[in-house]
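Supplied in structure tokens, the structure appears directly below.
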Amino acid sequence: MTTSGTTIGWIGTGIMGAPMCGHLLARGYHVRLHNRTLARAAPLLDRGAVWAVSPRQVVEQCDVVFTMVGFQQDVRQVYWGEAGLLAGLRPGVTLVDMTTSSPSLAQEIHAAARAKGAQALDAPVSGGDIGARNATLSIMVGGDKEALDRLTPLLEVMGKIIVHQGGPGAGQHAKLSNQVVVAGTMVGICEGLLYGYMAGLDLPMLLQSIAGGAAACRSLDVLAPRMLKRDFAPGFRVDHFVKDMGMVLDEAKRMGLALPGLALVHQLYLAVQAQGHGKQGTQALLLALEQLSNTQLAGPAVG
């Protein structure tokens, strides 16, 4: 898909959506943009994106529309609202929802698009704010392979790893599996740091040692240093992670699958929310675990 004369629709300019949309602008694509809050879209509008007053107005003027919003209810409003995407959907248009939501919702979107002669992909991402800014996201795609092949050049502007997981909803299943792994990793990092601290270790030196061994992972590289600085600004918000874990547990119940580790981490993150840290990054799990042991890692507060 070339840049010449191509107008892309984009809905959602949050922590992830704004830089992802920005990469398309930087490549020369024309972007018609909508966001719930106009002010948050201003930097992209300053770079040449054109404002649309509703999702419907976006899709009426674009052949490809990406959505990257927060919660399932936001996805439903964007797609099924009175001025939503489905109200203005034309045959031949492709909708790509990059929000992490339930596989069943992705299947509903696919069916609704197909009924109008259009196509839909579910394409959630992993990589956090850094991956979004650096265009190094992993993109997990569900839906028709032909539609993915056609849109791959656009996805390659935003990500490094693009994998077709299967039919409608498969991308969301893959992302939820990703979140199970991340959840277990996060509690391990926090508890490892707390143990090292209580043992009297130099925590930066500890990280230097374990980051090159079997504990090595992206979350350790990116989030553990933020914890030591007491920097809990969101790369991915606690509220969104709690939502994702809840969807996994719902799917697991339907499958008859026990996930006791995830259930425990979900409860710990509910405690983080209850302590008022839902808008902070997932590394704020450390705060709940500190409170359980009545301790706190030494370090300067950030923000």
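The values are calculated or read from the model by the stated rules, or taken from the named source; none is laboratory data. Everything quoted here is computed from the prediction, not taken from an experiment. So basically every Cβ, Gly included, is an ideal-geometry build from the backbone, and we count neighbours across all protein chains shown.
What pairs come out if I take residues in region 112-126 that are among the β-branched types (V, I, T) and pair them with residues that are part of a loop (DSSP other than H, G, I, E, B) whose C-beta lies under 9 Å away, six or more apart or interchain?
That search, which allows pairs on different chains as well, returns V125/M16; V125/M68; V125/M98; V125/T100.
Pick out the one residue from T13, T6 that is buried (at least 17 other Cβ atoms within 10 Å of the Cβ) and farther than 24 Å from E82 by Cβ.
It is T6.
Of the residues in region 162-172, how many are assigned to a helix (DSSP H, G or I) and either buried (at least 21 other Cβ atoms within 10 Å of the Cβ) or over 16 Å from the mean Cα position of the chain (by Cα) (or both)?
2
Looking at region 264-271, can you tell me whether even one residue there is hydroxyl-bearing (S, T, Y) and either in the same structural domain as V125 (by TED's automatic domain parsing) or more than 21 Å from Q73 (Cβ to Cβ) (or both)?
No - not one qualifying residue is present in region 264-271.
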